[in-house]
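Encoded as structure tokens, the structure appears first; notes follow it.
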Amino acid sequence: MSEKRTVTCPYCKSEQEEPFAAISTYCHTCGRHIPIQRSRRRPVAMVPQNTRVVECRECGYTDKIVADAQSTQCENCSAYLDLRCYTIRGKSNQKIVTYGDVTFAPGCSYEGPPVRASKVTVAGRVSALIKADSSIEILEGGRINNPIDAPIIKICRGSEVRVPLLRTRNLELASQMRTDEVTATDQIIILPGGSLIAGRVKTRFIEVQEGGALLAGFLEVVPPIPPLDFTDHGIAKEDQDEAIA
Amino acid sequence: MRFFKKPATCYLSPNVQAKGTFTAPGNLEIDGVLKGERVEAKGKVIIHAKAQVSGKLKCATLYVEPGGQFSGPATVGSVPSETLRRFGKALGLIK
């Protein structure tokens with residue numbers, strides 16, 4: 001919609017609205033011709049106050065969009081981007097691929113295709129692969145038994161995590177977790193009450209606080225681990241290459 | 001008046017290169033190279049940056065600084081067995 005301005009008739013003094021670009025018009029009251037003097041000031045463009053940055057998962061193009069938007073399309077590859085936030089209650093198996101946040105409410109049971117979101121909070125039972133762009137938080141009552149993958153994983157007290165594979169940057173553990181393999185490119189912190197039982201642990205920095213426990217078949221603390229190149233289903237590209245070879 | 005003695009801290013300086021089994025009665029701080037068959041400490045094990053440790057590790061708490069290296073099996077703290085955990089859960093001692 002074009003911007004409008006108020007024009008006053010010099011003959012009958014009545015006011016009417018005209019487009020900004022108009023140079024003359026006819027008065028709606030007296031019908032006389034009115035020349036319009038153009039103002040030098042240009043109308044100020046509307047700039048949305050709250051914006052968020054979204055990176056397209058298909059092509060990696062980054063765009064700024066309005067924070068309240070429910071969906072958008074990538075300007076580069078035209079992919080549809082769902083920006084809605086979901087809260088799962090009761091039993092569900094719906095497909096969840098969004099750029100918003102996903103919350104699995106206490107008591108819920110989700111068994112379906114891989115979940116992909118920005119931030120995932122789990123307080124119910126989830127039997128699906130979970131991949132988050134920012135973080136995964138498993139709260140009290142949360143139960144997970146499939147691979148999870150996010151830069152930050154926080155496992156709170158009272159949750160149950162038994163996953164075959166866990167790849168992350170930062171892992172904070174305050175509950176019991178059993179896994180075959182853990183790779184944390186930055187750090188692992190085991191808080192009091194937390195225990196990690198794993199076949200293989202690889203990280204750059206580890207801290208097991210008093211009251212925490214670690215039982216690792218093989219613990220490897222090494223200087224900076226190269227960043228993992230994740231593909232879908234939580235399997236790193238290097239593993240895929242090995243499998244192909 | 002002090003009733004309990006503060007646990008002694010064993011310290012391996014950067015110029016030390018040790019090999020074999022290593023047992024510390026209290027805390028253990030490593031700055032050098034320790035290629036142990038078994039590394040045990042009753043208290044805390046701190047592996048400082050630039051330190052290199054390998055072998056079977058057993059201690060109460062562990063802290064490996066960024067830059068420090070460790071490789072080998074590790075048992076830190078008291079890991080409850082599955083049976084003990086179930087028993088504890090039944091009694092309401094473990095959540």
Contour minus Cα-Cα span, A:D133 to A:R200, at 0.36 nm per residue, comes to 21.7 nm
Here the net charge surrounding A:E172, from other residues whose Cβ is less than 12 Å away from its Cβ (Lys, Arg +1; Asp, Glu -1), is 0
The local net charge around A:R204, scoring Lys/Arg +1 and Asp/Glu -1 for residues other than A:R204 whose Cβ lies under 13 Å from its Cβ, equals -2
Summing -39500 (n - 2.57) over every DSSP H run of at least 4 residues in chain A and dividing by its residue count gives a helix-only mean residue ellipticity at 222 nm, to the nearest 500 deg cm²/dmol, of -1000 deg cm²/dmol
Within chain A, the cysteines whose Cβ lies no closer than 4.7 Å to any other cysteine Cβ are A:C85, A:C108, A:C156
The Rg/Rh figure for the stretch B:9-91, Cα atoms and Kirkwood Rh, to two decimals is 1.09
Low-density loop trypsin sites (Lys or Arg not before Pro), the stretch A:102-163, at most 14 other Cβ within 10 Å, DSSP non-H/G/I/E/B, are none
Across A:200-211, the residue-averaged tally of Cβ atoms belonging to other chains within 10 Å stands at 5
Highest GNM mean-square fluctuation among A:P164, A:P224, A:P19, for chain A with Cα springs under 10 Å, belongs to A:P19
Counting only DSSP beta bridges fully inside chain A, the antiparallel percentage to nearest 5 is 20 percent
Inter-chain shielding metric for A:90-100, i.e. average beta-carbon neighbours from other chains within 10 angstrom, reads 0
Inter-chain shielding metric for B:58-64, i.e. average beta-carbon neighbours from other chains within 10 angstrom, reads 6
Residue span A:T8 to A:A22: 0.36 nm per residue of separation minus Cα-Cα distance leaves a gain in nm of 3.7 nm
Here the net charge surrounding A:A117, from other residues whose Cβ is less than 13 Å away from its Cβ (Lys, Arg +1; Asp, Glu -1), is +1
Check: in chain A the Lys pairs 8 or more apart or on separate chains whose Cα atoms fall under 26 Å apart number 21
Per DSSP loop assignment and a cutoff of at most 16 other beta carbons within 10 Å, chain A keeps its longest run without exposed GluC sites (Glu not before Pro) at A:141-209
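Where a number appears in this text, it was derived from the coordinates with a stated rule and is not lab data. These numbers were taken from a predicted model, which means no experiment stands behind them. Here Cβ is always computed from backbone atoms with ideal geometry, including for glycine, and neighbour counts include all displayed protein chains.
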